[in-house]
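Undergrad: Here it is, the structure in full.
The values are calculated or read from the model by the stated rules, or taken from the named source; none is laboratory data. Nothing here was measured: the structure is a model prediction, and the numbers come from that model. Positions of Cβ are backbone-derived with ideal geometry, glycine not excepted, and every protein chain shown enters the neighbour counts. Ligands, DNA and RNA are excluded from the accessible area calculation, which covers all protein heavy atoms including side chains. Shrake-Rupley method; radii C 1.70, N 1.55, O 1.52, S 1.80 Å.
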Amino acid sequence: MQKKLLALAVAGALVPAAAIAQSSVEIYGRANLGVQSWEAKGATLGAAADFDRRLRVYDGSSRVGFRVNESLGGGMRAFVVIESGVNIDSGTNLGQSNAAANTSSGFWASRDSYVGIGGGWGDIRFGRQSIFWSNGVIAQTGANYLDTAVDGLINNPSLTAIPVTRQSSTVSYNSPTVGGFNATLSYSPHSQEGVQANLDADGDVMGITGRYTSGAIRAQVDWAVAQGNTNALGVQTENTGWKVGLGWAYAPGSQISGVLGNYENENVGNVAGLDLERQFWLINWEHMIGQWQILAQYYNGDEVDSPAGDLDETDVQGWTFGVKYFLSKRTGVYASYHNVKNGDLAFADLNGAGMSSSSTGTLPATSAGADVKIFAVGVMHNF
């Protein structure tokens, strides 16, 4: 009897162990904080519309995540990702009173979070996902190395709108990688749908991303469209965007890359025939020298085109310069400078860095023409 009980106890202990051996749970994240000086001066309306220089301890998109993978056998797998932004500088959901320093925080699963199942044929994911705005490995200066960078202007153009950023309620298919190429197809049904009765619910978001990596060559192509619900007058807004990125990784931690793109907004504000369009391009440089990394970017956003022609003084330019010293593979300290130069009618800022707005990442329209200058010294630790 005692032998049978012992055998059952051993079997009961081995079954959970076998299950655990086929699955894994990873906790990961980033803490990115420092001291930042920010100002926006030179507004077209004069000094009364300027923002004087101010200092803050900021959070540069810190986050924490959980990644679960399980082998289902036969080449199949299941996975879950839950990632949330956190404001380590303040401990609150909304960031500091004078800025939303970490715009992806504020709720659980605020960053890319999804559940999926996959195999040799690729995978299917359901949840909150980045459809368009990520540049992947093409330009990592603002995403992975510093407090921010002017590549953020790709996602924060004044006057024009991007089709979509991180989108809730999304289903995506991710292809396997074949010959260095893979693709993602994303769809968010009725993402623009209202809750009132007797309203059209034909708004949705669609996106396609193609990626290619072979040796030192990296490329990414993105296209997305967001359609609003048709209103009572039969008008439907539509925001479309595309961008093409190409990079040459000539050494570990070093690359020269560029992004070229276009945004087109149709029936802006539900006004039939009011269309706006903007072209933009970005040059990015990342260079390692021992434990030092030099970082630089230049962004150019052309003047907005409308049915009446180009809108003068709506152009935006930006520069980022930074230097980072890696204390280890996970921890680095950095200093950076960012400058956003707005045309007289433009009011762009860097999302997550600006102190003029709690959510939009742009200056108030009344401060159009002001040039944004940011100095920062910080530390980043990845875990």
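Undergrad: Among V115, S168, Y28, flag the residue with its Cα farthest along the positive direction of the charge dipole of the chain, charges on Cβ as +1 for Lys/Arg and -1 for Asp/Glu.
TA: Y28
Undergrad: About the Cα centre of the chain, what is the dipole size in debye to 20, counting +1 per Lys and Arg Cβ and -1 per Asp and Glu Cβ, all else neutral?
TA: 2340 debye
Undergrad: Could you grab the relative contact order for the chain? Cα pairs under 8 Å, six or more apart, rounded to a whole percent.
TA: Across the chain, relative contact order equals 16 percent.
Undergrad: Using the per-residue mean of other Cβ atoms lying within 10 Å as a proxy for protection, in what order, highest first, do the peptides 156-167, 66-77, 230-241 fall?
TA: Most protected by this proxy first, the peptides run 156-167, 230-241, 66-77.
Undergrad: Taking the Cα centre of region 267-383 as the origin and placing charges on Cβ (Lys, Arg +1; Asp, Glu -1), which of V377, A365, L276 is farthest toward the positive end of the dipole?
TA: In region 267-383, that residue is V377.
Undergrad: So what is the relative contact order of region 234-279, in percent, for Cα pairs below 8 Å that sit 6 or more residues apart?
TA: The normalised contact order for region 234-279 reaches 38 percent.
Undergrad: Heavy atoms of the protein only, probe of 1.4 Å, neighbouring chains included. What is the accessible area of I294 in Å², nearest 10?
TA: 60 Å²
Undergrad: Take the Cβ-Cβ distance between I294 and Q22 as r, set R0 to 45 Å, and report the resulting FRET efficiency rounded to the nearest 0.05.
TA: After rounding to 0.05, the efficiency reads 0.50.
Undergrad: Would region 149-229 count as rounded, prolate or oblate if I go by the C-alpha gyration tensor, calling it rounded below 1.5 in a/c and otherwise prolate when a/b exceeds b/c, oblate otherwise?
TA: oblate
Undergrad: A further question on this structure: What number comes out for the charge environment of R63, summing +1 per Lys or Arg and -1 per Asp or Glu over other residues with Cβ under 9 Å away?
TA: Surrounding charge for R63 is +1.
Undergrad: Total Lys pairs in the chain closer than 29 Å by alpha-carbon, pairs eight or more apart in sequence or interchain only?
TA: Lysine pairs, 8 or more places apart or on different chains, close enough: 9.
Undergrad: Which Cα, out of L185, L233, N267, lies furthest along the positive dipole direction of region 182-324 (beta carbon charges, K/R +1, D/E -1)?
TA: Most positive-ward Cα: L185.
Undergrad: Give me the net charge of R111's neighbourhood, meaning all other residues with Cβ under 9 Å from the Cβ of R111; Lys, Arg count +1, Asp, Glu -1.
TA: Counting the neighbours of R111, the net charge comes to +1.
Undergrad: Taking only Cα atoms, what is the 0 to 90° angle, nearest 10, from helix 2-21's long axis to the longest principal axis of the chain?
TA: It works out to around 20 degrees.
Undergrad: A follow-up question, please. In debye to the nearest 20, how big a dipole does region 131-219 give about its Cα centre with +1 on each Lys and Arg Cβ and -1 on each Asp and Glu Cβ?
TA: Computed about the Cα centre, the dipole is about 420 debye.
Undergrad: Mean separation of Cα pairs under 8 Å and 6+ residues apart, divided by the residue count of region 269-356: what relative contact order is that in percent?
TA: 23 percent
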